[in-house]
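Written out below as structure tokens is the structure these notes cover.
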Amino acid sequence: MEDSVLKFYDELAEDYHLIFVDWHLAIARQSEILYKIIQSKLNLSSMQQVSLLDCSCGIGTQAIGLANYGFHVTATDISAVSVKRAEKEAARYGVKINFGVADFRELNTYVSGLFDIVLSADNAIPHLLTDKDLHKACQNMYEKLHHNGLLLVTIRDYDAMVIEKIITTHPNVLDEGKRMTFQVYDWAEDGKTYTVKQFIMREINGEWKTKHNSTQYRALLREEINKVLRMIGFVNIEWHFPENTGYYQPILTARKV
Ligand SMILES: C[S@@+](CC[C@H](N)C(=O)[O-])C[C@H]1O[C@@H](n2cnc3c(N)ncnc32)[C@H](O)[C@@H]1O
């Protein structure tokens, strides 16, 4: 992983919600879908007992929504600036979440206790560019789970992306044409990594302001993660796709034995 990841999210934290059409709606919608998946896997009766670690919480999109469902949420992220904003947002929502700053490759060192669920949502793991780092992060997630615990990871559909090799997303035109967001992808020659350039453009008092941030991703294929998870000892590795879940990305579930 590169320093650019930390810089990218620290600099973006204040405006991160602007990437969404409606961030508050995304909180509600995403947690509803994740809750249904969790319920189908864990057969929940009393939510009060269920602990969840969101180890790439960002500004709190999933952590806040899931805390609203009654999970006991601990939320960590490598970006201290994002965590600070998540804390403020959680307070606005009136939900109690234990926040912390932690690299998900070092959860064992920086997060205490074990959890029923470990979550990493919205393409955080593909910031790890090497197999060694991927293994380290998944091993740490495994070790943070109780026996029979559930791992939930959501990432982009790279199996499709490496074939399509798209170089830009469609611009999202929002706020009656006063806000526009899009991403540009610069692929490495071997097609295994790419640099993402995130643009947020806003018309403020008649003038257009552009915010541009850049970082790197690995185009992580499903079988590449499956292999690492199997090696670590995860079982029941399953992928759930948008056409069935309504979520905007494939969702991985796996269990610790
Ligand atoms: C695309 S954002 C998603 C944030 C949040 N889950 C959401 O959907 O709003 C990815 C997050 O992963 C975090 N991240 C990246 N690498 C990380 C690492 N090694 N350890 C912990 N968090 C990391 C970033 O700081 C960022 O907040």
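A few remarks follow.
- Check: the range 19-123 dipole with +1 on Lys, Arg Cβ and -1 on Asp, Glu Cβ, in debye: 180
- Table column - 3J(HN,Hα) (Hz), the range 187-196, Karplus curve with 6.51, -1.76, 1.60, x for Gly and Pro: 7, 5, 4, 7, x, 9, 9, 8, 9, 9
- Note on the chain: the alpha carbon radius of gyration divided by the globular reference 2.2 N^0.38 Å gives 0.98.
- Mean separation of Cα pairs under 8 Å and 6 or more residues apart, divided by the residue count, gives the chain a relative contact order of 17 percent.
- P(r) tail fraction, the range 160-217 - alpha-carbon pairs more than 17 Å apart, %: 45
- Amide N proximity, the range 95-139 versus residue 147 label position 7 Å along Cα-to-Cβ, cut-off under 17 Å: 114-117
- 222 nm mean residue ellipticity, helices alone, for the chain (DSSP H n ≥ 4; -39,500 (n - 2.57); rounded to 500): -10500 deg cm²/dmol
- Ignoring the sites themselves, the chain has its longest run without GluC sites (Glu not before Pro) in a DSSP loop having at most 15 other Cβ atoms within 10 Å at 3-105.
- For the range 59-143, alpha-carbon Rg relative to the globular expectation (2.2 N^0.38 Å, N residues): 1.08
- Sites listed here are trypsin sites (Lys or Arg not before Pro) in the range 48-101 whose DSSP assignment is loop and whose Cβ has at most 10 other Cβ atoms within 10 Å: 96.
- Note on the chain: with charges restricted to the Cβ of Lys and Arg (+1) and Asp and Glu (-1), its dipole about the Cα centre is near 520 debye.
- When the pairs 178/211; 88/197; 84/209; 84/144; 84/256 are compared against a 19 Å limit on Cα-Cα distance, 88/197; 84/209; 84/144; 84/256 fall above it.
- In this Cβ point-charge picture (+1 for Lys and Arg, -1 for Asp and Glu), the range 160-217 has a dipole of about 160 debye about its Cα centre.
- At least 24 Å along the helix axis (C-alpha) and Kyte average at least 0.0, DSSP helices within the chain: 23-42
- Residue (of 26, 43, 86) at the positive-pole extreme of the range 14-101, dipole from beta-carbon charges: 43
- Cα centroid separation - the range 20-61 against the range 232-250, whole Å: 14
- Heavy atoms of the protein chains alone define the surface here; on that basis the range 160-217 has 63 Å² accessible area per residue at 1.4 Å probe size.
The values are calculated or read from the model by the stated rules, or taken from the named source; none is laboratory data. Since we're looking at a predicted model, the values are computed, not measured. Heads up, the Cβs are rebuilt from the backbone with ideal geometry, glycines too, and the neighbour counts pull from every protein chain shown. Ligands, DNA and RNA are excluded from the accessible area calculation, which covers all protein heavy atoms including side chains. Shrake-Rupley method; radii C 1.70, N 1.55, O 1.52, S 1.80 Å.
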